[in-house]
Amino acid sequence: MKISKEIKIGFIFAAGAFILVWGINFFKDRHLFSSNRTLYAVYKDIAGLTPANPIIVNGMKIGQIDDVYFTKDTTGKIVVRMIIDNKLIDIPRNSTARIITSDIMGARKMEIVLGNDYQHLAQQGDTLPSSVQTSILDVVSEQFAPVKEKAERTIASLDSVLVVIKDIFNKKTQSDLQEAMSSLNNMIHSIEHATKQVDVWVAKDGKLNTIFGNIESISTNIRNNNDKITKVIKNFSDISDSLAKANFAATINNANQILSNANDIIAKINKGEGTMGLLMNNDSLYNGLSRSAADLDKLLKDLKENPKRYINFSLF
C-alpha cells in the first residue's frame, strides 16, 4: 500500500505539534502523561508572583505556578493556578497556599503550609486558603517610609531656605559683602602693620621691656614688703574699728547745737538786739562810745601830763 505525500505531510505535522506541546510542557515542568492536580488560590495582592515560580512543601519542590489572572467580578482579586504533582505528596484541604520570599532580592515563590485534615484531601480544582508573607524589603520599606517623608519635608524646607538665601544675597548684597570683605582685609593689613611697628619699637627702644621690668620690680618690692603692708592694713583696720566705736552721733549733735546757737546770736545781732546788735546797727551809740573813748583818752593824757591838777597831797 502506497502512502500519499499528503498523508505523510499530515503525519509529520501532527508529530511536530505533539513534540512542540510536549516540549513546552516539559520545560514548564508539566508532563503530559503524569498525574498532575490543579489547585487554585485567590489573593488581593500576589506581591510579584509570576507563572513558572516554584511551589514547595518543607523546602521541596512539588509543582509550579501555571497562571495568574484577575477574577471576573469587580473585586480586583487575583487567581493563582497551581500545578501539583500527585505522586509526591497528599495535600489536606485545610492547607494554606502562602506566597513567600525566595531570596534577598525579593523573588517570590509559593509554599504550601500543610494542614492536619488528611481525611479530606484537596481534589482537582479546589481552592486553598491563601496568605502572603511580608518580605524583608516590605518591612524595611515600611520602616523607612516615615524617614522618607521627613527627608522629603526637609528637602522642601531646604529648598525654601535656599530660595530665601538667593533672594537675600542679590547683586547689591553681594557687592556690599565684597566691600565689607575688602574693608576687613584692609583692617587686617593695618593691624599687621601696627604689630610690625610695635615689634620694631620694642626691638629698637626697649621701652616696653623697661616698663615690664619696672612692673616686675614693683611686684618684687610688694612681695618683699608683704609683712609691712600687712601691718599697715592691720593698723588701718584698728583705726577704722576705733572710729567705728567712737560716739560720732553725740559729737555731731553737739556741733549742730553750737551752730544753731551761733546762728541765733547772729540773727539777733542782725536784728539789733543786745549790745552787739546795737553797736553794729545803731550809729549814734557807736558814735557816742567813740566820743567817750576819745574824751577818756584826753583825760588820761592830761592826767599824765598834769597830775597835780587832779591829786593834792597834804604833808603833816
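The values are calculated or read from the model by the stated rules, or taken from the named source; none is laboratory data. Everything quoted here is computed from the prediction, not taken from an experiment. As a convention, Cβ positions derive from the backbone with ideal geometry for all residues, glycine included, and neighbour counts pool all protein chains shown.
What number of residues within segment 72-90 are assigned to a loop (DSSP other than H, G, I, E, B) and either at pLDDT below 90 or outside the structural domain of Thr127 (by TED's automatic domain parsing) (or both)?
10
Give the residue, chosen from Leu303, Leu296, Leu278, that is hydrophobic (A, V, I, L, M, F, W, C) and at pLDDT below 70.
Just one listed residue meets the conditions, Leu278.
Taking segment 37-62 on its own, how many of its residues are out of contact with any Pro (no Cβ under 9 Å at 6 or more places or on another chain), of a type outside the set (Val, Ile, Thr) and within 18 Å of Leu114 (Cα to Cα)?
The qualifying residues number 7.
Matching residues to (1) at pLDDT 90 or above; (2) assigned by TED's automatic domain parsing to the domain that holds Pro92; (3) in a strand (DSSP E or B); (4) surrounded by 10 or more Cβ atoms within 10 Å (Cβ to Cβ):
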residue	(1), (2), (3), (4)
Phe13	no, no, no, yes
Val21	no, no, no, yes
Ile24	no, no, no, yes
Tyr40	yes, yes, yes, yes
Ile46	no, yes, no, yes
Thr50	no, yes, no, yes
